[in-house]
Every structure is written in C-alpha cells, then in structure tokens.
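The values are calculated or read from the model by the stated rules, or taken from the named source; none is laboratory data. Note that this is a predicted model, so its numbers are computed, not measured. Quick reminder, even Gly has a Cβ in these numbers, built from the backbone with ideal geometry, and neighbours come from all protein chains shown. Surface areas here come from the heavy atoms of the whole protein model, side chains and all, with no ligands, DNA or RNA. Shrake-Rupley method; radii C 1.70, N 1.55, O 1.52, S 1.80 Å.
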Amino acid sequence: MLLTIYGKKNCPFCEKAKKLGTQLKDFREDFEVSYTDYQEAGMSKEDLANKVANKVGNPVETLPQIMIDDNYVGGYKEFEIYVRKNKLFSK
C-alpha cells in the first residue's frame with residue numbers, strides 16, 4: 001500500500017498524518033509513505049487542489065490531503081477513521 005500525503009510545514013494535522021503513516025510503515029511490511037510538502041515542491045495551492053480534485057471530483061482547500069494507493073481518503077481525521085475501520089494495525 002502506498003500512502004501519499006500532501007501537506008506543508010507548521011501544519012499540526014500534516015504532522016499527525018506523517019506520524020501515523022510512519023507508525024503504519026513500521027508495523028506493516030506492505031506499507032510505504034510518500035510525503036510532499038506542496039510549497040517546497042513548488043506547487044501552488046491551486047496546483048494541489050487540481051491534482052487532488054482529479055481524484056475526488058471536487059476542489060479541496062484543507063491540509064493534509066491523503067490518498068492510499070489511488071483512493072482518496074481525505075484529511076487527517078478521515079485517515080484516522082480509515083485506519084481504524086480497515087484495521088490496518090491488525091495482522
């Protein structure tokens with residue numbers, strides 16, 4: 001599974017998403033994490049919205065934006081719910 005997180009510096013929910021992703025990576029052999037600071041990557045907020053909107057079908061304005069493989073998850077709270085619902089910490 002590939003976890004893709006788009007975030008930015010000094011974003012507490014982005015940091016929480018990265019931490020949870022790292023915990024999953026440490027727990028599961030089939031888990032990878034890709035984090036992109038959209039500002040450091042030279043993307044504008046519009047670029048990010050367009051990139052993610054292509055997956056969800058509508059514009060997004062909050063951070064982080066999270067996908068697992070090619071499936072849009074949402075922000076941090078949705079990611080946390082997804083992890084629990086899909087029992088990603090179970091073996």
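Taking a sphere under 15 Å around the Cβ of Cys11 and counting the other residues whose Cβ falls inside, with K and R at +1 and D and E at -1, yields a net charge of +3.
Please identify the longest segment of the chain free of exposed GluC sites (Glu not before Pro), where exposed means a DSSP state other than H, G, I, E or B and no more than 13 other Cβ atoms within 10 Å. So the longest stretch without any such site is 62-91. Accessible surface computed residue by residue for the chain, with neighbouring protein chains in place and a 1.4 Å probe, gives 64 Å² per residue. Over the chain, DSSP H runs of length four or greater, each weighted -39,500 (n - 2.57), average out per residue to a 222 nm ellipticity of -13000 deg cm²/dmol.
Based on Cα atoms of the chain, Rg over Rh with Rh as the Kirkwood radius reads 0.96. With all protein chains in place and a 1.4 Å probe, the accessible surface of the stretch 23-91 carries 42 percent carbon and sulfur.
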